[in-house]
Amino acid sequence: MQSTIDFWTEVVTVWNTAVFGVGLGPIFIGLVIFVGFLVLRRLFTRVVLAALSGISRRTKTKFDDQLIAALEQPMRFVFVIIGLYAATRFVSLPTQVDGVMTQLIRSMIAFTIFWTLYRCVGPLSFLIDKAFGALGRTSLGDSLKEFIAKLARFVIACVGIVAILEEWQFNVGAVLGGLGLIGMAVAFGAQNMIANLFAGVTIFLDGIFEKGDWIRGADVEGTVEEIGFRTTKIRRFDKALTTIPNNKLAGDAVINFSHMSNRRIYWKIGIKYSATEGQLREIVNGIKDHIFGNDDFEIDPAKVTTLIHVDSFNDSSIDILLYCFTATTNWNEWMRIKEDLAFAIKAIVEGAGSGFAFPSTSVYVETLPLGMPEAFPDNDETA
């Protein structure tokens, strides 16, 4: 009988001090509390967040949609923190274990705060862009917004890591101070990286080019695919991807073809020397009528210069200068307009009774040199 009592005494002792001196009963209740908050999190996701998402989809702006999408995961994680906090408050943990759990919960809170800020960078950049537009200023370009968002996320991540480390009594300032000399050496060796970083900032702030622009610079021509902190990636027209340091692009002359207001056509049309003055005037006037009466061309003198004149006497032709601009900047449309113009000019020249010149050389012989053979007689002369 005594042995049975002793056995149950041991069972009760284990039950009351099973884990770090804490009984299994409080631990079980703490787990129930934690699981309860996980259930609440699921209900919150299905009911509250689903309702907010439905409301945001019915609004005209995209800001609320982006904001709810950014806050969804951090808000769900809040229930995990609250559940863990409530469970540990119910269970009387030993002082040392309680201190560790307190630091863990505080670290999770700091993580959630900076995680939320990190995810809200996108919606906030959208809001700032709209604010610029409302104030009548030029809105931020996509590339500049992307760069600012990357920089903001980087800063938030660094500050968040420092905050979490400080919660665990990790003296970040002392470590950084101890690494001062090493940091100076690294900075000296990273001059090119720093130069590329500042060059990237210059590209964004000056608006030299943006993602999707067709540019030529640093001996490369193509479409900008990505502008990073250190390098810019350009897809050449042969589909090869070229990565160029920002410092090289910022220090070079860059032509941005995507910022053209119009596309130019610059031709010299060679007409035969046999063309009369009347034919030349008819050709010039015909080309003018075609261009000035066609909506494909920009003819506003305040915007462009249009020149159609007899220009020069070349070795083999009388040249007509054609200098004009199309209304479109699209390459395919520009090629179509050039083709139609070429066909029209051919018809105009032939309709005027003239033709196009081609390089030729005429040799005029006044006397035959001595010793040249006589001309071969015709058959009639030898008959």
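Table for the structure above
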item	result
One residue from R57, R42, R106, R76 being within 42 Å of the chain's Cα centre (by Cα) and over 30 Å from S125 (Cβ atoms)	R42
Candidates G83, G122, filtered to the one that is assigned to a helix (DSSP H, G or I), assigned by TED's automatic domain parsing to the domain that holds I27 and under 22 Å from K145 (Cβ atoms)	G122
Of residues in region 307-326 being surrounded by 14 or more Cβ atoms within 10 Å (Cβ to Cβ) and of a type in the set (F, W, Y), the one farthest from Y273 (Cα to Cα)	F325
Qualifying position, being at pLDDT 65 or above, among the aliphatic types (A, V, I, L, M), surrounded by 13 or more Cβ atoms within 10 Å (Cβ to Cβ) and in contact with a Lys or Arg (Cβ under 9 Å, 6 or more places away or on another chain), among L71, L67, L52	L71
Residue ID - nearest to the chain's Cα centre (by Cα), chosen from residues in region 319-347 that are outside any helix (DSSP H, G or I) and more than 9 Å from R263 (Cα to Cα)	Y323
Options D252, D315, D300, D295: the member that is without any contact (Cβ under 8 Å) to a residue 60 or more places away in the chain and either within 30 Å of F204 (Cβ to Cβ) or assigned by TED's automatic domain parsing to the domain that holds G217 (or both)	D252
Considering residues of region 329-343 that are more than 16 Å from E298 (Cα to Cα) and not charged (D, E, K, R) only, the residue surrounded by the most Cβ atoms within 10 Å (Cβ to Cβ)	A342
Filter result (in a loop (DSSP other than H, G, I, E, B) and either closer than 20 Å to K150 by Cα or in contact with an Asp or Glu (Cβ under 6 Å, 6 or more places away or on another chain) (or both)) within region 214-234	A218, G228, F229, R230
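The values are calculated or read from the model by the stated rules, or taken from the named source; none is laboratory data. In this text the structure is predicted, and so the values were computed from the model without any measurement. Cβ: placed from backbone, ideal geometry, glycine included. Neighbour counts: every protein chain shown.
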